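Since the structure comes first, as structure tokens, the remarks are kept for the end.
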Amino acid sequence: MKCVYCGSNKTKVIDTRHDTQGNVRRRRECENCGQRFTTLERAILTTPLVIKRDGRREEFDSHKLISGLRIACARRPISAEDFDRIVDRVEYTIRQSGRTEIPSHTIGDIVIEELRKLDEVAYIRYAIVYLGMSDVESIRAEIDRIRAQRY
Ligand SMILES: [Zn+2]
């Protein structure tokens, strides 16, 4: 990092602060002229593109995710805060992955994991739609699996 006063390359970091958004503020001192200055490194969090089952790419859409959740969770004891928390969890996880593209089933897996903890009926409904469980046998097998975990 060049000194903003004299242009010298000899600067040292004397203090580093991280904020909750992932930004880093560094207090620096120039070893040439002795001036101090602060630099800010802004975290650029990018949300990866979602690779759909048919291979198309689309932007991650939290509204779409919430509307899918609302359908799965209709008349179930799941609050708006729960939806928000699930969406936050998904966004956080896919951003942290550092990938530029992510398969839609990865998002489905995160949602399913969260729903499983909240409500079994909502979980099964979501799984039927988003895992494409189309036959009674695979749905029954999944229900049996949950029951086995519970007892
Ligand atoms: Zn300087």
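The distance between label points at Ser62 and Ala148 comes to 3.7 nm (points 7 Å beyond Cα on the Cα→Cβ vector).
With Cβ to Cβ distances under 11 Å as the rule, what net charge do the other residues near Cys3 carry (K, R +1; D, E -1)? Show your work: numbers first, answer last.
Details: positive: Lys2, Lys10, Lys12, Arg28, Arg36; negative: Glu29, Glu31.
Charge balance near Cys3 sits at +3.
Counting only lysines at least 8 places from Lys64 when in the same chain, those with an alpha carbon closer than 17 Å to its own are Lys52. Springs between Cα atoms under 10 Å define the GNM used for the chain, and in it the highest mean-square fluctuation of Val24, Val111, Val90 occurs at Val24.
Let's see if you can work this out: charge +1 on each Lys and Arg Cβ, -1 on each Asp and Glu Cβ, no other charges. What is the dipole magnitude of the chain about its Cα centre, in debye to the nearest 20? Don't jump to the answer; show the numbers that get you there.
Working: 29 positive and 24 negative charges, 129 e Å.
So the magnitude is around 620 debye.
Using the Cβ of Leu40 as centre and a radius below 14 Å, the other residues enclosed give a net charge of +3, where K and R count +1 and D and E count -1. Shown for Met133, Met1: other C-beta atoms within 10 Å of each C-beta, ranked fewest to most, produce the order Met1, Met133. Between Pro103, Pro48, Pro77, the residue with the greatest mean-square fluctuation in the GNM of the chain (Cα pairs under 10 Å linked by springs) is Pro77.
Could you compute how fast the range 1-86 diffuses translationally, taking Rh as the Kirkwood radius over C-alpha pairs and applying Stokes-Einstein at 25 °C with viscosity 0.890 mPa s? Give it in µm² per second.
141
Computed extension gain for Ile14 through Arg75, at 0.36 nm per residue and net of the alpha carbon distance, reaches 16.4 nm. Think of the chain as having a plus end and a minus end, set by charges on the Cβ of Lys, Arg, Asp and Glu; of Pro48, Ile143, Gln21, Gln21 sits farthest toward the positive end of this dipole.
Of the residues Asp54, Asp109, Asp119, the one that moves most in a GNM of the chain with alpha-carbon contacts below 10 Å is Asp54. Diffusion of the chain by Stokes-Einstein, at 20 °C in a medium of 1.002 mPa s and with Rh set to the Kirkwood radius over alpha-carbon pairs, works out to 114 µm²/s.
Just so you know, all these numbers are worked out from the coordinates, no wet-lab data involved. All figures in this text were calculated on a predicted structure; none of them were measured in a lab. Cβ atoms come from the backbone with ideal geometry, glycine included; neighbour counts cover every protein chain shown.
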